[in-house]
Structures are given as structure tokens and as C-alpha cells.
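Engineer: One structure coming up, written as C-alpha cells, with questions to follow.
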Amino acid sequence: MHLNAKKTAFAGVMLALTEVGIALGSVIETNTLFLLAAASFFVGIVIQEFGLKSGAGFLLAGILLGIFLSPNKLYVVSYTFMGFYILIIETIWHFLGRASGWIRSRNFFWLMKYLVFNVLYIPGLIYFWSMLSEKKAAKGIMLMSVVFGQFILFVFDKTYEYAMGKIWKENRHKFGF
């Protein structure tokens with residue numbers, strides 16, 4: 001696949017903004033999740049404009065640059081999970097567009113989103129709790145963390161849909177797309 005100079009420059013600017021978002025998460029601690037989420041939204045923009053393969057390459061480049069440039073590597077891990085989630089749901093959306101019947105429904109898409117999220121989130125949560133202490137986490141705390149994660153997914157996903165469907169769609173012409 002060959003990218004012209006304009007597309008390459010645009011992807012480079014998006015990658016720079018991604019790295020600024022990851023790095024600013026370390027500086028502005030109160031807005032860390034917002035900045036990491038915004039940085040991961042650029043993966044969706046690249047996927048929408050250049051396709052799934054370019055989006056995967058963009059995510060990989062963002063991860064590698066984040067490892068080298070970010071002062072807090074935990075934020076790179078968070079960005080990785082958010083960006084990977086976006087890559088997977090965009091891939092599912094792409095393939096659901098070719099499907100027919102109930103599989104193409106919005107409810108099925110939401111079910112797939114929650115399935116993908118929980119496949120990423122629950123093992124990470126278990127690993128996180130195991131790193132904090134050798135004791136098993138209290139079942140109540142773990143259950144609250146899982147429920148809270150579902151709420152965070154809902155907010156993240158609605159924000160992503162708004163950013164892509166409203167903000168990017170209305171402003172993409174300013175970048176020549």
C-alpha cells in the first residue's frame with residue numbers, strides 16, 4: 001500500500017498528537033484517562049481515513065514511540081488497551097457491514113463490544129490485583145471493579161462514537177478528506 005505525501009503527513013501529525021496525549025497524561029494527572037482516551041481516538045481516525053491495516057500500523061507506531069518517549073510506561077499500557085479495543089471494534093464494524101440479518105443489528109454490535117472489552121479488561125484486572133498483593137482480592141471489590149469497568153466502557157464508547165460521528169465528521173473536510 002502506498003500513501004501519498006499528504007496522507008503520510010496527516011498520519012504523522014496524528015501520531016505526534018497521540019504521543020503528546022500520552023505524555024501529557026503524566027503531567028496533568030487529573031485528566032490522565034481523558035488524555036489517553038483522546039490519544040486512542042486517533043487510531044479510529046486513521047482507520048476511518050486509511051483503512052484497518054493502516055490503523056493497526058498506526059497503533060503499533062504509537063505504542064513503540066510511547067515506550068521510548070513516555071515517562072510513565074503504565075500510561076502506554078493503558079493507551080495500548082484503548083487503541084487495541086478501538087482497532088477490534090472497528091474491525092468488527094467493518095465485517096458486520098458485510099453481514100446480513102440479526103448479526104448486522106446494533107444490539108449484536110454492542111454485545112460484541114462488551115465481549116471484546118471484557119476479554120481485555122477482566123484478565124488485566126485480575127493481573128492488576130495480583131500485583132497489588134499476594135492475597136486474593138475481596139470478591140466484592142472485584143465485582144465492583146468489573147461493574148465500574150462496564151460503566152467506563154459505556155462512557156468511553158459513547159464518547160468515541162460522538163468524537164468520530166460528530167466532531168471528526170464535521171471537521172474532516174478541513175484536512176482535505
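The values are calculated or read from the model by the stated rules, or taken from the named source; none is laboratory data. Nothing here was measured: the structure is a model prediction, and the numbers come from that model. No Cβ is skipped: glycine too gets one built from the backbone with ideal geometry, and neighbour counts run over all protein chains shown. To get the accessible areas, we keep the full protein, side chains included, count just its heavy atoms, and leave off ligands, DNA and RNA. Shrake-Rupley method; radii C 1.70, N 1.55, O 1.52, S 1.80 Å.
Engineer: As a test of the formula, what do you get for the chain when each DSSP H run with n ≥ 4 contributes -39,500 (n - 2.57) and the sum is divided by the residue count, at 222 nm and rounded to the nearest 500 deg cm²/dmol?
Structural biologist: -26500 deg cm²/dmol
Engineer: What dipole magnitude, in Debye to the nearest 20, does the chain give about its Cα centre under +1 on Lys/Arg Cβ and -1 on Asp/Glu Cβ?
Structural biologist: Dipole size: approximately 400 debye.
Engineer: In the chain, what percent of the accessible surface is made up of carbon and sulfur (1.4 Å probe, ligands and nucleic acids excluded)?
Structural biologist: Carbon and sulfur: 73 percent of the exposed surface of the chain.
Engineer: On average, how much accessible surface per residue is there in the chain, in Å², for a 1.4 Å probe, leaving out ligands, DNA and RNA?
Structural biologist: 61 Å²
Engineer: Among Val27, Leu125, Leu65, flag the residue with its Cα farthest along the positive direction of the charge dipole of the chain, charges on Cβ as +1 for Lys/Arg and -1 for Asp/Glu.
Structural biologist: Of the options given, the answer is Leu125.
Engineer: Once you have the alpha carbon radius of gyration of region 20-115, what is it after dividing by 2.2 N^0.38 Å, with N set to its residue count?
Structural biologist: Rg over 2.2 N^0.38 Å, computed on Cα atoms: 1.19.
Engineer: Sticking with this structure for a sec: Could you give log10 I(q)/I(0) at q = 0.13, 0.26 Å⁻¹ for region 1-65, computed by the Debye formula over C-alpha point scatterers of equal weight, without solvent?
Structural biologist: -0.34, -1.08
Engineer: Given points 7 Å out from each Cα along the Cα-Cβ axis, report the Phe108 to Leu69 separation in nanometres with one decimal.
Structural biologist: 4.0 nm
Engineer: Translational diffusion coefficient of the chain at 37 °C, 0.692 mPa s, Stokes-Einstein with Kirkwood Rh over Cα pairs, in µm²/s as a whole number.
Structural biologist: Once the numbers are plugged in, D ends up at 188 µm²/s.
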